[in-house]
Amino acid sequence: MPDSLGPDSARNFRPDLARELEYLLGQMPRVDRETFQGQLIENSDISDRVVEAEQELFDAYARNRLPGEWRAAFEERLLSTPEGRAKLAVAHGLLRRSRPSTRRRWWIFSGLAATAAAAVLLLFTTCGILRPCESTQPAAVAIEETQVFELAAITRGQAQRPKLLLVPNATRYLELRVAEPADSFELSLVLDQRSIAKAGPGTSLRVDRQLLEPGIYLLTAFRNGTASNYYEFELVRP
Amino acid sequence: MALSAPLDQPSFDALLAALSPDGSSNAADAYEALRLRLIRFFTWEGCTLPEDAADETINRVAQKLAAGEKILNVLAYASGVARLVAKEALRGQSREQHRQVLHFPAPKPPEPDTAEQRCFEQSLSALPEESRQLLLDYYKFDAQARIAHRNRMAADRNISLNSLRNRALRLREKLETSIRQCLESKRRDVSPRRDTKDDHA
């Protein structure tokens, strides 16, 4: 995972808990470690801070936002035990509970949100490209942090795949809409042969932004279990 | 790890007295807090049986006190004993047990209806409503958004950020313990029953 994505960088990862993170990941010099071990046994505040750092690591791992250089140490030191498995189950559970359910995402997308999404889509269309122009950013905030893109199927002789630019910070969800008017598509989004999200039947797929990283994605539309259209795009961050 | 004799009443009384020498604080609370910190320490150090190691540490400290050893700072003494117990425990664990390197695939949300998910929902629903809400609210978002959100939560409840954090940490630890027990019981349920033929042979 690239380090340039803010929270995914080790340097930017809770700098207020740097010492605790160093301890947990086994990166503290031996002398410092011995002193710190004594402190965390004697002092509840320090022990609590290590727990907090540990929880941040598990949450980041569950969200796929753990800095790459920490992954091996984290898996070896903290995850490879029954306690680690239970902690990861909590991190996944809390993450799942903090998101709307897939069904809710699909079917309770009503009234104001739908209208606002349409407004944003119109703004994108006005720009004539598949990325929001500068003026659309406030609109993206207003639609419950959903950023909408409409995709055209890959055609023969297509010069290049479209680039989708994520609005920074404000976006929580990315909604991909396929151009074909149909109500019987099953949609599957894949990055590097890894399944990211599935939805349907319908013509749109909504994904939590935190599941997305820059890269080339393939969205496949299935009709009656058979792939009927492909939509490829590159997701980029500003 | 060489186990000392089980804790007897005089040793336990000596430990409680040392944890609250002037009687101003609750010795039982101090004991529980020390045991919790020790369990955490042994977990982070990679001991496979952190509760046992914590109890062994407490036993050794208590027996020294009961034997009349003059210990000025019982917590500092306990931390020295704990480091020794950790070294012994880790030495005793096989290499595989100590740092069993498992190669995990890239993390992704678990498939619906996995044992982890069922145990999470079961353990979460066992919490009182107010605790459940606090927990779910506290761990929303990530990074900077999370910090700002927690500040708002503390302000809304009119408590310090530290108090809020402590409550959330404890609740989450409780949830983790409950899930671990749930996963262990599910594992036992699916394990084949031990054949009793040997007993009859």
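The values are calculated or read from the model by the stated rules, or taken from the named source; none is laboratory data. Being a predicted model, the structure only gives us computed values, none of them experimental. Don't worry about glycine lacking a Cβ; one is built from the backbone with ideal geometry, like all the others, and counts go over all protein chains shown.
Observations, loosely collected:
- Test: residue in region A:35-51 that is facing chain B (nearest Cβ under 9 Å), farther than 21 Å from residue B:37 by Cβ and among the small types (Gly, Ala, Ser): no
- Answer residue from region A:85-110, given it is modelled with pLDDT of 90 or more and not hydrophobic (A, V, I, L, M, F, W, C) and is surrounded by the most Cβ atoms within 10 Å (Cβ to Cβ) among those: A:87
- The criterion of being modelled with pLDDT of 90 or more and either within 12 Å of chain A (Cβ to nearest Cβ) or part of a helix (DSSP H, G or I) (or both) does not hold for residue B:185.
- Test: residue in region B:146-157 that is on the phi > 0 side of the Ramachandran plot and either at pLDDT below 90 or assigned to a helix (DSSP H, G or I) (or both): no
- Scanning region B:12-45 for residues that are crowded, with 18+ Cβ neighbours inside 10 Å and under 20 Å from residue B:88 (Cβ atoms) turns up B:34, B:37, B:38, B:39, B:40, B:41, B:42, B:43, B:44, B:45.
- Some residue of region B:31-54 being more than 10 Å from every other protein chain (Cβ to nearest Cβ), over 18 Å from the mean Cα position of the chain (by Cα) and modelled with pLDDT under 95: no
- Residue within region A:222-237 that is in a strand (DSSP E or B), touching a residue at least 24 places away in the same chain (Cβ under 8 Å), among the aliphatic types (A, V, I, L, M) and within 22 Å of residue A:65 (Cβ to Cβ) present: yes
- Pairing each residue of region B:64-88 that is away from chain A (no Cβ under 11 Å) with any residue that is surrounded by fewer than 15 Cβ atoms within 10 Å (Cβ to Cβ), provided the two are 6+ apart or on different chains, yields C-beta distances under 6 Å for B:66/B:10.
- Total residues in region A:56-69, condition crowded, with 21+ Cβ neighbours inside 10 Å and part of a helix (DSSP H, G or I): 7
- Within region B:133-142, tally of residues that are assigned to a helix (DSSP H, G or I) and surrounded by fewer than 18 Cβ atoms within 10 Å (Cβ to Cβ): 3
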